[in-house]
């Protein structure tokens, strides 16, 4: 049993059938379950994924929260070690890694995830990020 960290785009894509990443998000969540992986999303990425549902009302937010509880998806809290790693990533990579993305990558590094799944193809290669696991860019 391993650990898969997902970014906001995976959750957004999963719930929006018209999203370009919908099928890939469904596939990667199913793959993580088939591997027996625990699935985690950083709290910062969950907040990002909840922006659009929040515009549609509380029932939309509740639906997402119930889904992540049923799957289950663990919400990774931001701690000082993760914050330091995120700041270093952001400083090193400039505009290629924005702070929300740096927090996702830093979480995956800090929790030693085996897989990190993102919808952001603009990230530098995993070797430049310091991530040791499998980086999947949809």
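Only the coordinates and a few stated rules stand behind these numbers; no lab work does. Remember, predicted model here, so these are calculated numbers, not experimental data. Cβ coordinates were reconstructed from backbone atoms using ideal geometry, including for glycine residues, and neighbour counts include every protein chain displayed.
Output the 0 to 90 degree angle, nearest 10, between the alpha-carbon long axis of helix 58-70 and the longest principal axis computed from the alpha carbons of the chain.
Between helix and principal axis, roughly 70 degrees.
Sort 131, 67 by Cβ crowding within 10 Å, fewest neighbours at the top. Display every interim value, and only then the final one.
Working: 131 22, 67 14.
Fewest to most other Cβ atoms nearby, the residues stand as 67, 131.
Once both axes come from the Cα atoms, what is the angle between helix 22-35 and the longest principal axis of the chain, in degrees from 0 to 90, rounded to 10?
Tilt relative to the chain: about 80 degrees.
Between residue 52 and residue 121, what FRET efficiency comes out of the Förster formula 1/(1 + (r/R0)^6) with R0 = 25 Å and r the beta carbon distance, rounded to 0.05?
E(calc), rounded to 0.05, equals 0.75.
To check my understanding: the extent here is largest minus smallest coordinate of the Cα atoms along each principal axis. What are those three numbers for the stretch 18-85, in Å, largest first?
Cα spread of the stretch 18-85 along its principal axes, largest to smallest: 35, 31, 24 Å.
Need the C-alpha centroid separation for the stretch 1-44 versus the stretch 91-129, integer Å.
Taking the Cα centre of the stretch 91-129 as reference, the centre of the stretch 1-44 is 16 Å away.
Can you list the residues of the stretch 41-84 with backbone N under 14 Å from a point 7 Å past the Cα of residue 16, pointing along Cα to Cβ?
It comes to 48-56, nothing else.
Compute the acute angle (0 to 90°) between the alpha-carbon long axis of helix 80-93 and the principal axis of greatest extent of the alpha-carbon atoms of the chain; round to the nearest 10°.
Roughly 70 degrees, rounded to the nearest 10.
Using the number of other C-beta atoms within 10 angstrom as an exposure proxy, rank 18, 54 with the fewest first. Don't skip to the answer; put the middle values down first.
Values: 18 6, 54 12.
The fewest-first ordering by Cβ neighbours comes to 18, 54.
Assuming 0.890 mPa s and 25 °C, estimate D for the stretch 3-137 with Stokes-Einstein, Rh taken as the Kirkwood radius over Cα pairs, in µm²/s.
Values: Rh = 14.9 Å.
Roughly 165 µm²/s, to the nearest whole number.
Take 80, 10, 39 and order them by how many other Cβ atoms sit within 10 Å, fewest up front.
By the 10 Å Cβ count, ascending, the order reads 80, 39, 10.
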